[in-house]
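A short worksheet on the structure shown next.
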Amino acid sequence: MLTFRSFPKFPLQWAIAVSFLLQIFLIVGLVGYLSFQSGRTTVENLATDLIQGTNRVITEHLNSYLSIPQNLGQMNADAIRRGVLDIRDRDVVRKYFWDQMQLYNLTYVGMGLADGGGMGVARFDGKNIIVEDWVPGRENNINHYATDNRGNLTELIETWTFINEEQTWYTNPIKAGKPIWSIVATNIVTGPYVVASSSRPVYDAQGQLLGMFAADIHLLKLGDFLENLDVSQSGSTFILEQDGTIISHSGEASPFILNNEEIERLKAGEVDDPLIQQVSQTVQEQFAGFGQVAQKRYFTITLDGERYFVNIQPWENELGLQWLVGTVLPENEFLTEIKANARRTVLLCAIALVIAVITGVLTSRWIAIPIFKINQASTAMAEGNFDQTVPPSAIRELNSLTHSFNDMAERLQKSFVAIAESRDNLETRVVERTAELEATLQELHATQAQIIQSEKMSSLGQLVAGIAHEINNPVNFIHGNLNYTETYVQDLMRLVQLYEKRYPQTDPEIAAEMEEIDWQFMQTDLPNMLASMQTGTKRIREIVLSLRNFARTDEADLKSVKIHEGIDSTLMILQHRLKSQKNRPEIAVVKKYGELPLVECYPGPLNQVFMNILSNAIDALEEVYAEPGCITIRTQVVRAGWVEIAIADNGPGIPEAIQKRIFEPFFTTKNIGKGTGMGMSISHQIITNRHQGYLNCISYPGQGTEFVIEIPIAGLSDANRQKGRNRAALPL
C-alpha cells in the first residue's frame with residue numbers, strides 16, 4: 001500500500017522553494033488568462049454603469065420637465081378657487097397667462113370655460129407668443145392675436161371654429177374627475193406640433209365646475225435634450241410610449257411624418273434610425289413587444305457586425321403618464337482601452353514572474369534556517385534538556401514562536417493565578433444569573449395570562465371545526481340527494497305529461513284530483529322549489545367550508561396555503577357584522593388581491609390574526625356615523641421572498657399616544673366586558689415570533705387605520721422552524 005512514508009524526503013528549503021514557485025507560476029498564469037478574458041465583462045460593466053447613469057439623467061429631466069405643467073395647473077386652480085384670479089376678467093386672465101408663458105418653458109397655457117368659451121396663450125414656434133380668445137355658440141368663434149413685448153394685443157392673425165366638448169384635454173378630466181395627462185396630441189394648425197397636455201378641472205369656492213385648465217409641453221424639445229447628452233457619438237437614446245410609439249430620440253430623424261396634411265406618428269420600428277429599428281425588432285422577438293416591458297431590461301443587439309448594449313426601463317409619474325426610456329451604446333467605444341490594458345497586464349505579469357522566481361529562492365532560505373534551529377531546540381526539550389534557548393529571528397512569526405519557548409514556564413504560573421480569579425468571577429456570575437432568573441419569572445407571570453387566552457382561542461377553533469364537521473355530513477347527504485330527487489320529479493312529470501298526451505279524455509275522478517292539488521301550478525312551482533333547496537344547501541356548505549378553513553385545527557405545523565382563502569373564510573364568519581345595522585349602513589369590503597404564491601405559514605394562528613384585525617376595524621367603524629364604513633384589503637409581493645397583507649379602514653383613526661401601546665399585553669380602550677386586551681398582543685407575537693415577520697400600524701386621527709403584515713413566503717431557517725414548532729406546541 002502506497003503511503004506518505006514511501007515517498008522520498010525533501011529538505012524544508014527545497015519544499016518551500018518548489019511550492020512557492022509553483023504557486024507563483026499558477027497565479028501569474030491565471031491572472032494573465034483572466035485579465036485577457038475579463039475584458040468583455042469589464043466592458044459590459046462599464047456600459048451598464050454608463051447606461052444606468054444616462055437613464056437616471058433622462059428620468060430626472062422627465063420628472064423636472066413634466067412637473068412644470070402639473071404644478072402650474074395646481075397653482076392656477078388654487079388662485080381661481082380662492083378668488084385671487086377672476087376668470088370673468090379676460091384681460092387680467094390673458095396677461096396672467098402671458099406672464100406665465102414668459103417664466104416657464106411651455107407651449108401652451110389656457111383654460112376652457114364651462115360655458116363653451118375660453119382663453120389661452122401659446123408659443124407654437126418656440127419664439128413668438130400669441131393669444132387665443134374664444135366665445136361659445138357660433139362658428140369662427142376663436143381669434144388668434146399677436147402680442148408685443150408687454151403682452152398687449154397688436155393684430156388679429158386668424159379666426160377659426162373651436163368647440164371645447166370636442167377636445168380631449170377638456171373632456172378627459174371631466175370623465176376622470178381628477179387632473180390627468182391627455183394622450184400625446186398632434187396639431188398642424190400652426191405647423192407640426194406634438195405635445196403632451198396636462199389638464200385639470202377648476203372649481204370655485206362652492207365646488208362648482210368653472211372649466212378645464214391645460215398646460216402643454218412640446219415633446220420635440222425632449223429630442224434636443226437627448227441630442228445634447230454627452231453619451232456616445234454612435235449610440236442612441238430614445239423615449240417611447242408603451243405601445244412603441246416614438247416620442248423623441250437623440251438622432252436627426254423625425255418621430256413623425258406628414259400624410260395628407262395630417263401628422264402620423266411613427267412606431268419605433270418605423271423611424272429612420274437603424275439602431276432604434278433593430279432595438280424594436282429585438283424587443284418584439286424577446287419580450288413580445290414594448291408593452292410587455294414592465295421592468296428594467298438589459299440585452300445586446302448586433303448591427304452591421306457591431307455589438308451594442310441596450311437598456312430599456314419604464315418611467316411614469318403620479319398622474320398616470322407611462323413611458324419607456326432607452327439607451328443604446330456600442331461595445332467598440334470601450335474595447336480599445338480594455339485591449340491595451342490587457343496587453344500591459346500580460347507584460348507586467350511576465351516581469352512579476354521573473355522577480356518572483358528570484359525572490360522565492362532567497363525567501364525559502366531565509367525561512368528554512370530559523371525553522372531548522374527551532375526544530376533542534378524542540379528535539380532537545382523532548383529528550384529532557386529544558387535548558388534551551390532559541391535566538392530571535394527577523395521574521396515576526398518565527399520570533400513569536402521563539403518567545404513562546406522561553407516564556408512557557410511563566411505562562412503556566414499565570415494559568416494557576418487565572419484559575420483562582422475564575423473562581424471569584426464564578427460567584428459574581430451566580431449572583432447575576434439569579435437576578436436574570438427573577439426577571440424571567442416576572443415575564444412568565446405576564447405570559448401566563450396570554451396562554452390562558454390562547455387556550456380559549458384554541459378551544460373555540462376546535463369547537464367551530466367540530467360543529468362544521470357535524471353539520472357538513474347531513475348537509476352533504478341532503479345536497480347530494482336533491483340532484484336525484486330533481487331527476488325523479490322531472491321523470492314523473494314527463495310521465496304524467498305523456499299520459500295526458502296519450503289519453504286526452506281524463507277520468508272525472510282524476511280530473512277532480514288534479515284540480516284539488518292544483519296540478520298546473522305544481523308543474524311550474526315544484527322545479528323552482530327544488531332549485532331553491534339546492535341553493536340553500538349550497539350556501540350552508542359554503543358557510544361550513546369557511547368555518548373549517550378558519551379553524552384549521554388539523555394544521556398546527558407549517559403548511560403551504562393560499563392566503564386569500566384564509567381572508568375570505570374570516571370575512572364569511574364576520575358577514576353578519578358587516579351587514580347594515582340599526583345605527584349604521586352596511587360596511588363595504590374592497591379586495592385588492594395581488595398574484596400571491598403559496599405561502600408557508602401556520603394557517604390557524606394566521607387566520608386568528610385576520611380575525612382580530614378585522615373585528616377591531618368593524619368595532620372602529622361602528623363608532624362612525626358621518627359616512628359609510630369601508631374596509632380595504634390589499635395583498636402583494638413586496639420584495640423577493642416576502643408578501644404583504646394590508647387591512648385598512650376609514651374609521652376615526654388611533655391617537656398617537658394609543659398607537660405606541662396597542663401591542664402591549666392587556667392594553668385595551670374598550671369598556672369592561674368587551675375585550676381582554678390580548679388580541680393585538682397575541683397577533684403581534686404570531687407574526688413576529690412564529691412567522692419571523694412584521695406587523696405595523698399606520699394611523700392618523702380622522703383618516704382611518706391600516707395594519708400592514710409582512711411574512712416570508714418560504715425559507716425560514718432551521719432554527720426558526722424549530723422555534724416555530726416549539727411554539728406550535730403551546731395554544732395561541
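The values are calculated or read from the model by the stated rules, or taken from the named source; none is laboratory data. As the structure is a computational prediction, the values presented were derived from the model and not from experiment. For neighbour counting, all protein chains shown are included, and Cβ atoms are generated from backbone atoms with ideal geometry for every residue, glycine included. Note: areas computed on protein heavy atoms with side chains; ligands, DNA, RNA excluded. Shrake-Rupley method; radii C 1.70, N 1.55, O 1.52, S 1.80 Å.
A few points about this structure:
- Added length on full extension, which subtracts the Cα-Cα distance from 0.36 nm per residue, Thr363 to Arg344: 4.1 nm
- With one equal scatterer per alpha carbon and no solvent term, the Debye-computed log10 I(q)/I(0) for the range 274-335 at 0.18, 0.23 1/Å reads -0.65, -0.95.
- Under-5 Å amide H pairs with Ile631, H placed in peptide plane, nonlocal only: Ala588, Val589, Val590
- For the pair Phe287 and Asp89, a Förster radius of 41 Å applied to the C-beta separation gives a FRET efficiency near 0.15, rounded to the nearest 0.05.
- Residues whose placed amide H lies under 5 Å from that of Ser393, excluding near-sequence neighbours: Asn399
- Amide H contacts under 5 Å for Leu85, placed H, 5+ residues apart: Ile80
- Cα principal axis extents for the range 51-109, largest first, Å: 51, 21, 12
- Checking the Cα-Cα distances for Lys127/Lys178; Lys267/Lys296; Lys562/Lys660; Lys178/Lys562 against a 28 Å cut-off, the pairs over it are Lys127/Lys178; Lys562/Lys660; Lys178/Lys562.
- Computed E for Arg639/Met572 - FRET, C-beta separation, R0 35 angstrom, nearest 0.05: 0.70
- Proximal aspartates and glutamates relative to Lys175, as straight alpha-carbon distance under 13 Å, when same-chain residues fewer than 8 apart are discounted: Glu165
- Accessible-area value, Trp642, 1.4 Å probe, nucleic acids and ligands omitted, Å²: 50
- When only the Cβ of Lys, Arg, Asp and Glu is charged (+1, +1, -1, -1), the dipole of the range 269-350 relative to its Cα centre reaches about 580 debye.
- Using the Cβ-Cβ distance between Asn260 and Asp204 with R0 = 45 Å, the FRET efficiency computed as 1/(1 + (r/R0)^6) comes to roughly 0.55.
- When each of the peptides 695-708, 248-261, 287-300, 492-505 is scored by how many other beta carbons lie within 10 Å of its residues on average, the order from highest to lowest is 695-708, 248-261, 287-300, 492-505.
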